[in-house]
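After the structure tokens below, expect a handful of questions from me.
Nothing in this text is a laboratory measurement; each read-out follows from the coordinates by a stated rule. From a predicted model like this one, the values you see are computed outputs, not experimental measurements. Because the Cβ atoms are built from the backbone with ideal geometry, glycine has one as well, and the counts that use them run over all protein chains shown.
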Amino acid sequence: MKTRPGFLRERKNWAVVLLGVAALLALLPRPVSAWGRSAHKLVVNQAIDTLPQDIRSFFESYRGFLLQHVNDPLDAVAKTPAEKRNDHLYLDKYGRFPFDTLPRSYKAAVDKFGKSKLQSNGLLPWEIGVYSQKLTEDMHTGHWEEARLDAAILADYVAEAHDPFSTTENFDGKLTAQTGVNERFGITLVDRYSSFFPMRPNDASYINDPTDHAFEVCLASHSWLENILIADRNAYVAGKSYSYNDDYFDRFYNQTAATLIRQLSEASTDVASYWLTAWINAGRPQLPR
């Protein structure tokens, strides 16, 4: 059977179109996650248990809802890449530690650097401040449906502030030839070893300034970056096969477990502390049961 010339031309044209689409997709920025979905759920699950009895029952009754929606910001980034600006703060874009050239007041930071630069480098601590205030207002006005959703979103952002890779331009390891180290640390290690994590978060406590505290958390997280990068490099080289296999992950976990568990535990403490702070600032309203 002879093939029609027009059919061949059609196939060729479609091949060109598909190649063009593939090339375009390769150029588009992909959402890069820091903590993965499992880590966020682990943080929220532990956070509820650190709350004082006065408010624990409210969050306990919505445990399933919070676990379901804590990853909503990750889904938002997948749909709208511009949302990425809210889940990180590239501190190293502002000089050297402790990065005091960056004002902690958003208005002062905009006046100094401009909105475009701030959005490009990330708004994470300010976004935590925004959602802390939203949750406070929800509780004050008795809008409990909004309160539980904003509590979940706030938990996501607070957890992100505890991930060292949310605080650096080298979030994906490309600047140090360690591409994907953020996923190996914040996703793969959690998925592989979380059942062995001896997490011991502290009891929730009041936070005097939610935005300022978020900046302090980002600074503390950033200080662990070099240790993680060195551990990743050492674990990779020690295997001599130069592959990210089971032996590599065992070595990487052995060298970073203390940091990983501490950051996740502190994230749980802080998530609960932000929830508690919002309730106190709302005037300690009676919570529905």
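Cα atoms only: what Rg and Dmax, in Å, come out for the chain?
Reported Rg and Dmax, both Å: 21.9, 82.
To the nearest 20 debye, what charge dipole does the range 231-289 have about its Cα centre, counting +1 at the Cβ of each Lys and Arg and -1 at the Cβ of each Asp and Glu?
240 debye
Taking only Cα atoms, what is the 0 to 90° angle, nearest 10, from helix 246-281's long axis to the longest principal axis of the chain?
40 degrees
Further, regarding this structure: Can you tell me the 0 to 90 degree angle between the C-alpha axis of helix 210-222 and the longest principal axis of the chain, rounded to 10?
50 degrees
Still on this structure, please answer the following. Run lengths n ≥ 4 of DSSP H only: what is the helix-derived mean residue ellipticity at 222 nm for the chain, with -39500 (n - 2.57) per run over all residues, to the nearest 500?
Result for the chain, helices only: -20000 deg cm²/dmol.
Okay, moving on. Mind ordering 252-258, 149-155 by average Cβ neighbours within 10 Å, highest first?
Order by mean packing, descending: 149-155, 252-258.
Rank H40, F59, A238 by how far each Cα sits towards the positive end of the charge dipole of the range 33-281 (+1 on Lys, Arg Cβ; -1 on Asp, Glu Cβ) and give me just the farthest.
Going by the Cα projections, it comes out as A238.
Want the number for T101 to A82: 0.36 nm per residue separation, take away the alpha-carbon distance, what's left?
Here the segment from T101 to A82 would lengthen by 4.3 nm.
Now, a different point. Just to confirm the number: angle between the C-alpha axis of helix 124-141 and the first principal axis of the chain, 0 to 90 degrees, nearest 10?
50 degrees
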